[in-house]
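Structure, as structure tokens:
The values are calculated or read from the model by the stated rules, or taken from the named source; none is laboratory data. As the structure is a computational prediction, the values presented were derived from the model and not from experiment. All Cβ positions, glycine included, derive from the backbone under ideal geometry; neighbour counts span all protein chains shown.
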Amino acid sequence: MRKVIFIFFVLSIQISSYGQIDYTKQYFNGKSLFREGKYNLAMETFKPLLTSDRNNQYSEYATFYYALSAYNLGYKSLAKTNFNQIKTLHPAWDKMDDVNYWIGKINLEDKDYFQGLKILALVQDKNLLTSVEAMKAKSIGEITDAETLKLMHEDSSKILFSAFVRSFARAVASTLATTASFGYS
């Protein structure tokens with residue numbers, strides 16, 4: 001009887017682990033395919049990792065690379081949907097500047113200038129800011145529609161003001177942090 005119970009126990013463990021995904025292996029396989037430029041295969045490899053699961057620590061990264069793969073294959077709408085999914089499901093993710101960068105880039109490429117500029121204004125990562133400014137300048141330089149330019153000019157004061165407020169807040173925070181580190185109060 002003990003032998004039957006033992007066999008049943010071993011079989012139940014094997015059956016329950018049969019359908020599980022090795023998240024780490026799956027993620028790194030997908031990332032390798034992405035780096036090789038095999039975007040179709042990368043998307044298929046990342047697909048099982050897209051769902052949030054408490055055992056899956058790669059959900060955000062898999063969704064990010066899935067979206068980049070879609071973008072590189074010309075599926076900008078799918079890419080944007082997945083980037084927005086990251087914003088919705090993981091709003092505190094440490095790579096949110098990268099997500100906003102790509103959403104802004106897609107919006108500008110689709111000539112949704114106002115939304116693109118609004119999203120790009122959220123990017124704070126100093127490593128991305130030069131690229132963001134170049135992208136904005138290029139996109140705005142390509143606008144030939146007089147009405148769009150007029151609306152952008154009217155809206156630019158709002159954008160500039162909010163950028164000034166963010167910049168001022170960062171400067172104040174930096175000054176306060178520096179002051180605090182020297183023991184001043």
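For the stretch 85-105, the tally of residues that are surrounded by fewer than 21 Cβ atoms within 10 Å (Cβ to Cβ) and aliphatic (A, V, I, L, M) stands at 3. Applying a threshold of 6 Å to beta carbon distances and a minimum spacing of six or more residues, or different chains, the list of pairs starting in the stretch 76-96 at a residue that is aromatic (F, W, Y) and ending at one that is buried (at least 17 other Cβ atoms within 10 Å of the Cβ) and in a helix (DSSP H, G or I) reads F83/A67; F83/V99; F83/W102; F83/I103; W93/E60. Could you list, in sequence order, all residues of the stretch 19-61 that are among the polar types (S, T, N, Q) and surrounded by 15 or more Cβ atoms within 10 Å (Cβ to Cβ)? Within the stretch 19-61, Q26, N29, T45, N56, S59 meet the criteria.
Quick check: is even one residue across the stretch 156-173 exposed (fewer than 10 other Cβ atoms within 10 Å of the Cβ), within 28 Å of K80 (Cα to Cα) and either polar (S, T, N, Q) or modelled with pLDDT of 70 or more (or both)? Yes, there is a match, as at least one residue in the stretch 156-173 is exposed (fewer than 10 other Cβ atoms within 10 Å of the Cβ), within 28 Å of K80 (Cα to Cα) and either polar (S, T, N, Q) or modelled with pLDDT of 70 or more (or both). Considering the stretch 62-84, and only residues there that are of a type in the set (A, V, I, L, M) and crowded, with 17+ Cβ neighbours inside 10 Å, the residue that is farthest from S32 (Cα to Cα) turns out to be A79.
When we screen L68, L117, L89 for residues that are within 13 Å of the chain's Cα centre (by Cα) and modelled with pLDDT under 95, the only hit is L89. Scoring V123 on the criteria (1) within 16 Å of Y66 (Cα to Cα); (2) part of a loop (DSSP other than H, G, I, E, B) leaves a single failure, condition (1).
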